[in-house]
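Working notes, beginning with the structure itself.
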Amino acid sequence: MTGQAELETPTPDRPTLLVTLTGTDRPGLTSAVLSTLATRGLEVIDAEQVVLRGRLVLGVLVSAPRDHKTLKEELKALETVLDVDISVKKGIGDNEPRRKGRSQVTVIGHPLTAAGLAAIAGRIADTGANIDRISRMARYPVTAMEIAVSGADPEALRTVLALEGVRQELDVAVQAGGLYRRAKRLIVMDVDSTLIQGEVIEMLAGHAGRQAEVAAVTDRAMRGELEFAESLHHRVAQLEGLPESALDEVYRAIQLAPGARTLVRTLKRLGYQFAIVSGGFSQITDKLAADLGIDYAAANELEIVDGKLTGRVIGDVVDRAGKAVALRRFAARSGTPLSQTVAIGDGANDLDMLAAAGLGVAFNAKPVVRAAADTHLSHPYLDTILYLLGISREEVEAADADNPA
């Protein structure tokens with residue numbers, strides 16, 4: 001014997017103590033509680049601590065000593081010394097295991113109201129599921145909460161919460177829980193109205209004096225009312241005779257979606273790869289890829305003869321089916337299983353790509369796309385994708401502070 005109290009490993013029917021401390025947060029509180037428990041040589045089975053607006057809540061589950069009443073008295077005396085509240089509750093065994101059907105629910109609002117979050121929690125309860133944990137992922141420019149849920153089929157939960165999210169004007173994403181949620185390793189993005197604001201072909205048409213006509217056709221194509229390849233040929237024909245220099249002017253005028261650089265920079269640090277797949281034009285997307293450090297790109301190529309656009313594209317059109325083909329090709333090249341890919345898009349020509357990916361995200365999308373995607377985001381910040389992947393705003397800012405550009 002070493003003189004140290006013998007550890008008593010708890011079994012399902014062994015007594016345990018739950019020690020809970022609440023009070024104004026300051027250094028040394030957690031240490032003081034654990035030091036008192038240490039005098040009995042107890043085993044720590046579980047612990048969790050959270051601080052909200054300077055208020056500390058600490059919970060520690062330990063094996064119960066034979067003299068647990070004496071320990072309780074010591075902890076109550078410590079309560080007075082520390083000016084906190086400490087409760088000690090005896091019970092049996094460890095936490096109950098989480099029920100099957102684990103999901104991660106991400107709720108995003110601007111603002112996120114108590115009424116909205118209450119409605120989401122109510123619908124989770126209606127399914128018979130349990131909320132195991134809630135944690136904040138971001139406070140600005142949106143508020144995002146991650147809710148760990150067990151006891152419900154993720155698909156059934158997604159259906160219920162999607163409807164409630166619409167009623168509450170919240171973005172609600174439901175993903176199956178587990179290890180593989182954190183293993184998304186290839187991000188494939190649409191370009192126009194996703195990675196960038198606006199449509200390149202409309203900007204080019206503006207230089208040709210035909211923006212309104214082209215915009216009307218683009219809108220119908222993105223809503224799924226027109227076959228994409230046919231609509232593309234019709235729109236590109238309106239660009240005939242436009243000088244090649246217009247492409248450079250349009251590229252200089254492009255504005256990235258808010259949060260685009262943050263999304264790429266953060267996930268690149270974690271080893272993710274990126275691809276852009278566009279029904280637009282390689283003369284633009286290749287420059288975007290070089291600027292942002294995108295690994296792969298696929299787009300249509302405008303034909304240029306003697307420094308002018310001919311009104312035609314070269315080769316096969318990157319349409320709805322072509323985007324899905326490109327996603328599979330890039331997944332194979334990067335060694336990424338399809339289940340570990342994320343596709344992001346807004347238009348009907350993105351539907352096959354969204355369906356093929358492990359996670360399909362409709363970003364400020366047309367109704368037909370919102371209805372079909374795994375989840376949708378209606379706020380204009382592309383870096384909200386990070387919250388779906390379990391990455392918090394705090395972690396992003398810390399990484400940026402440690403590695404300034």
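The values are calculated or read from the model by the stated rules, or taken from the named source; none is laboratory data. In this text the structure is predicted, and so the values were computed from the model without any measurement. Note that each Cβ is placed from the backbone with ideal geometry, even for glycine, and that neighbours are counted across all protein chains shown. All accessible areas refer to the heavy atoms of the entire protein, side chains included, with ligands and DNA or RNA removed. Shrake-Rupley method; radii C 1.70, N 1.55, O 1.52, S 1.80 Å.
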How much of the accessible area of the chain, probe 1.4 Å, is carbon plus sulfur, in whole percent?
51 percent
Helix 211-222 axis, angle to the chain major axis (alpha carbon atoms, nearest 10°):
50 degrees
Using a Gaussian network model of the chain whose springs link C-alpha atoms within less than 10 Å, name the residue from A148, A32, A275 with the highest mean-square fluctuation.
A32
If each K or R counts +1 and each D or E counts -1, the residues other than E240 whose Cβ falls under 15 Å of its Cβ total 0
So how tilted is helix 393-402 from the main axis of the chain? Cα-based, degrees 0 to 90, rounded to 10.
80 degrees
Report the residue, chosen from K366, K323, K308, that carries the largest GNM mean-square fluctuation when the chain is represented by alpha-carbon nodes joined by springs under 10 Å.
K308
Sequence gap at least 6, Cα distance under 8 Å: using those rules, report the relative contact order of the range 165-309 to the nearest whole percent.
28 percent
Hey, what did the range 161-243 get for relative contact order, percent, Cα under 8 Å, at least 6 apart?
19 percent
Net length gained if the chain between T22 and A156 were fully extended (0.36 nm per residue, minus Cα distance):
44.5 nm
What relative contact order, as a whole-number percentage, does the chain give when Cα pairs under 8 Å and 6 or more residues apart are counted?
14 percent
Show that you can apply the helix-only estimate: for the chain, add -39,500 (n - 2.57) for every DSSP H stretch of four or more residues, divide by all residues, and state [θ] at 222 nm to the nearest 500.
-11500 deg cm²/dmol
So for the chain, taking the charge dipole from beta-carbon charges (+1 Lys/Arg, -1 Asp/Glu), which of G224, L58, A114 sits furthest toward the positive end?
L58
Candidates [x] 91, 44, 38; [y] 68, 55, 52; [z] 53, 53, 42; which is the computed Cα extents along the principal axes in Å?
[x]
Going by amide H atoms built from the backbone, whose H comes under 5 Å of the H on L309, apart from near neighbours?
G241, L242, E244
Can you tally the net charge around I201? Count Lys and Arg as +1, Asp and Glu as -1, for every other residue whose Cβ sits under 12 Å from the Cβ of I201.
-3
Most fluctuating of A144, A125, A348 in the GNM of the chain (C-alpha, under 10 Å) is A125
Rounded to the nearest whole Å², what accessible area per residue is found for the range 214-255 with the 1.4 Å probe?
51 Å²
Give the accessible area for S135 in Å² (nearest 10); use a 1.4 Å probe, count only protein heavy atoms, and leave out ligands, DNA and RNA.
40 Å²
The local net charge around E146, scoring Lys/Arg +1 and Asp/Glu -1 for residues other than E146 whose Cβ lies under 10 Å from its Cβ, equals +2
Of all DSSP beta bridges in the range 248-373, antiparallel share, percent nearest 5:
35 percent
Determine ³J(HN,Hα), in whole Hz, for all residues of the range 60-69 in sequence, where each value follows from phi through the Karplus function 6.51 cos²θ - 1.76 cosθ + 1.60 and θ = phi - 60°; x replaces Gly and Pro.
10, 9, 10, 5, 7, x, 5, 9, 4, 5
